[in-house]
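The values are calculated or read from the model by the stated rules, or taken from the named source; none is laboratory data. Bear in mind the structure is a predicted one, so any value in this text is a computation, not a measurement. Cβ coordinates were reconstructed from backbone atoms using ideal geometry, including for glycine residues, and neighbour counts include every protein chain displayed.
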């Protein structure tokens with residue numbers, strides 16, 4: 001069952017050494033130690049440039065040495081060589097900022113210090129050697145399979161410590177990933193667990209990258225000696241068009257485009273990626289025509305491979321059975337003679353996944369625009385052939401985000417929904433990949449449609465109730481509050497009947513749905529009914545927690561927090577105060593045992609307690625509560641500002657109010673001023689990504705921020721999906 005975990009990259013001579021074996025069945029992962037010859041590899045491909053644009057843009061091509069990241073590499077080396085035996089770190093940043101190149105530059109340097117270092121791509125079975133000085137595991141896009149990463153981290157935590165340091169480096173776009181991975185990630189995290197990788201310095205480093213890349217690109221295109229068409233002043237003007245232009249990927253794309261269009265010195269980054277993708281399409285179409293293939297066949301295969309993670313022989317045959325692709329795609333015999341087809345080790349032949357994501361997004365967007373009838377079928381087919389639907393849907397979500405939000409290009413979201421329609425097998429297949437935390441925003445309309453179809457068709461009561469509860473949350477988040485309320489009411493009716501016969505089995509699900517029903521009713525202006533629902537949820541959780549506090553104590557605290565809000569809305573402030581005090585007591589107990597997991601919730605309840613105390617005239621006690629909340633959130637924000645900075649700012653606002661109420665106006669003024677002193681870090685935490693050609697969102701979000709810090713904002717009630 002155990003095979004080699006890592007493939008590709010530089011070959012090394014192997015000998016038996018102490019190593020780690022990973023085994024798993026999809027539900028559990030375990031780790032053992034023993035001798036192995038398996039080596040970690042670094043997927044660099046030196047001197048492997050080809051004429052196609054995807055290769056030129058790939059981080060693996062190493063057009064230049066790593067520029068502008070020396071301090072960051074030194075910081076990572078210090079982390080690797082100090083601290084506890086096992087330590088985890090997350091590098092996060094936008095697509096194209098250079099996370100993967102940085103990670104493997106670190107791995108390459110550690111290799112020279114007698115470390116084992118490389119990519120960990122399979123998480124359920126395999127083996128790798130432990131280095132004499134240490135071991136570095138790089139996991140790219142762990143959000144594609146969060147359950148397996150969480151299981152791996154738990155297995156590492158539970159296993160005996162290795163004889164030399166073990167470092168785990170996660171690469172993601174999302175700073176919230178550590179929360180998604182839960183307790184094992186927090187327990188293994190380094191003291192400064194997050195590293196936010198941003199664009200290059202516009203004044204110096206970005207220009208250095210352009211200057212260094214230009215002669216290499218000219219040699220590759222047989223245009224040696226061609227002068228760079230822009231000087232630093234013109235280049236700086238291009239950089240100022242949008243913040244994303246200073247990312248390494250956009251700078252390289254700018255240079256590649258200048259080789260073919262030397263006068264295109266002011267094009268936006270989005271337009272440049274669009275033109276480069278079109279040239280890649282043209283190249284593949286030309287090759288297809290020369291082999292008597294449909295001109296669309298090769299570029300479409302390359303684009304779909306970006307969703308499925310590659311297309312092997314079996315997947316190619318499966319694609320051919322999709323009616324929308326049957327007459328379009330080449331046969332295996334035709335494809336194997338094309339440059340698109342790569343021969344791998346042990347028969348691993350395939351159409352490789354198109355990288356980088358931004359190029360793949362631009363290419364797919366343009367291909368999908370060509371046909372009004374088939375784009376949805378093409379996208380569904382790419383998801384359907386994937387061995388791991390979670391991975392494929394995550395990749396699709398990234399591509400949709402990059403196309404629409406980063407590049408300003410269209411994407412046929414409605415066409416994919418239309419391809420699913422009322423097709424139950426398709427909906428069930430997609431539901432596997434869409435039921436996860438932190439679902440990518442572009443996929444939410446699809447998830448909503450799938451949830452509706454499945455809830456209407458499901459006949460098994462408990463499963464139907466689960467689907468209806470989750471649908472109610474999705475509908476409410478989409479602004480469809482009345483429909484969300486109706487779905488939630490149906491879920492509660494079903495679960496009440498089930499729990500009446502077997503409370504131990506169905507009580508937990510009923511409590512969750514009652515909690516959510518309270519929120520749905522309040523959203524629709526039915527506060528008294530909402531209060532009744534949350535009171536029933538609290539009663540259910542009290543009964544459950546009495547038998548198993550470890551399992552249901554956190555849920556009881558969550559419902560008590562929500563009950564306090566409902567009571568306050570109904571004018572029952574003293575009862576609301578009592579409820580939030582109970583929630584705080586429970587969360588203090590939980591956080592004492594596991595601060596990483598329950599510290600954020602404790603801070604939220606303390607914030608709400610402060611508001612309730614102040615409204616009940618207990619101003620000094622309210623001040624004490626908000627001071628505790630701020631202390632906790634300062635600690636959290638020090639490690640993960642992007643995730644906890646907004647909550648800290650809200651608590652600082654409330655701290656300012658409490659201080660002023662207690663006659664401490666000067667201290668209150670200092671508290672309200674603090675969010676503005678976070679500067680760029682605060683903006684990065686609160687501002688959403690915008691298209692390269694638009695700065696329109698900035699004034700809106702800055703105005704919204706001012707509204708936040710001049711308004712008392714207790715933490716909102718919680719809605720909970722059923723797993």
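Tabulated data for the structure shown
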| read-out | value |
| --- | --- |
| Test: residue in segment 311-319 that is out of contact with any helix residue (DSSP H, G or I) (no Cβ under 8 Å at 6 or more places or on another chain), within 30 Å of residue 223 (Cα to Cα) and surrounded by fewer than 21 Cβ atoms within 10 Å (Cβ to Cβ) | no |
| Only one of 162, 175, 184, 229 that is assigned to a loop (DSSP other than H, G, I, E, B), under 21 Å from the mean Cα position of the chain (by Cα) and either in contact (Cβ under 8 Å) with a residue 24 or more places away in the chain or closer than 18 Å to residue 254 by Cα (or both) | 175 |
| Filter result for residue 267 (over 29 Å from the mean Cα position of the chain (by Cα), over 29 Å from residue 243 (Cα atoms) and assigned to a loop (DSSP other than H, G, I, E, B)) | no |
| Residues of segment 562-590 classified as closer than 17 Å to residue 523 by Cβ and buried (at least 24 other Cβ atoms within 10 Å of the Cβ), total | 4 |
| Some residue of segment 197-213 being surrounded by 15 or more Cβ atoms within 10 Å (Cβ to Cβ), under 30 Å from residue 84 (Cβ atoms) and either touching a helix residue (DSSP H, G or I) at 6+ places or on another chain (Cβ under 7 Å) or at pLDDT below 90 (or both) | yes |
| Set 647, 612: member being under 27 Å from residue 178 (Cα atoms) and buried (at least 18 other Cβ atoms within 10 Å of the Cβ) | 647 |
| Verdict on residue 154 being out of contact with any strand residue (DSSP E or B) (no Cβ under 7 Å at 6 or more places or on another chain), buried (at least 20 other Cβ atoms within 10 Å of the Cβ) and more than 18 Å from residue 393 (Cα to Cα) | yes |
| Residues of segment 284-296 satisfying the condition of being under 34 Å from the mean Cα position of the chain (by Cα) and surrounded by fewer than 22 Cβ atoms within 10 Å (Cβ to Cβ) | 285, 296 |
| Test: residue in segment 326-348 that is in contact with a strand residue (DSSP E or B) (Cβ under 6 Å, 6 or more places away or on another chain), part of a helix (DSSP H, G or I) and farther than 20 Å from residue 393 by Cβ | yes |
| Every residue from segment 269-284 that is closer than 21 Å to residue 402 by Cα and in contact with a helix residue (DSSP H, G or I) (Cβ under 8 Å, 6 or more places away or on another chain) | 269, 270, 272, 273, 274, 275, 276, 277, 278, 279, 280, 281 |
| First in segment 319-346 and free of Cβ contacts under 8 Å to residues at least 24 places away in the same chain, second anywhere and in a loop (DSSP other than H, G, I, E, B), Cβ under 6 Å, 6 or more apart | 320/326; 320/329; 342/352; 343/349 |
| Residue list for segment 52-83, restricted to those being in contact with a strand residue (DSSP E or B) (Cβ under 9 Å, 6 or more places away or on another chain) and surrounded by fewer than 16 Cβ atoms within 10 Å (Cβ to Cβ) | 75, 81, 83 |
| Exclusive hit being out of contact with any strand residue (DSSP E or B) (no Cβ under 7 Å at 6 or more places or on another chain), farther than 24 Å from residue 452 by Cα and in a loop (DSSP other than H, G, I, E, B), set 576, 571, 553 | 571 |
| Positions within segment 409-430 being surrounded by fewer than 18 Cβ atoms within 10 Å (Cβ to Cβ) and within 30 Å of residue 272 (Cβ to Cβ), in sequence order | 410, 414 |
| Selection count where residues are crowded, with 21+ Cβ neighbours inside 10 Å and at pLDDT below 90, scope segment 437-465 | 1 |
| Among (1) surrounded by 17 or more Cβ atoms within 10 Å (Cβ to Cβ); (2) within 17 Å of residue 55 (Cβ to Cβ); (3) over 29 Å from the mean Cα position of the chain (by Cα), the one test that residue 279 misses | (1) |
| The one condition in (1) touching a residue at least 12 places away in the same chain (Cβ under 8 Å); (2) closer than 27 Å to residue 270 by Cα that residue 371 fails to fulfil | (1) |
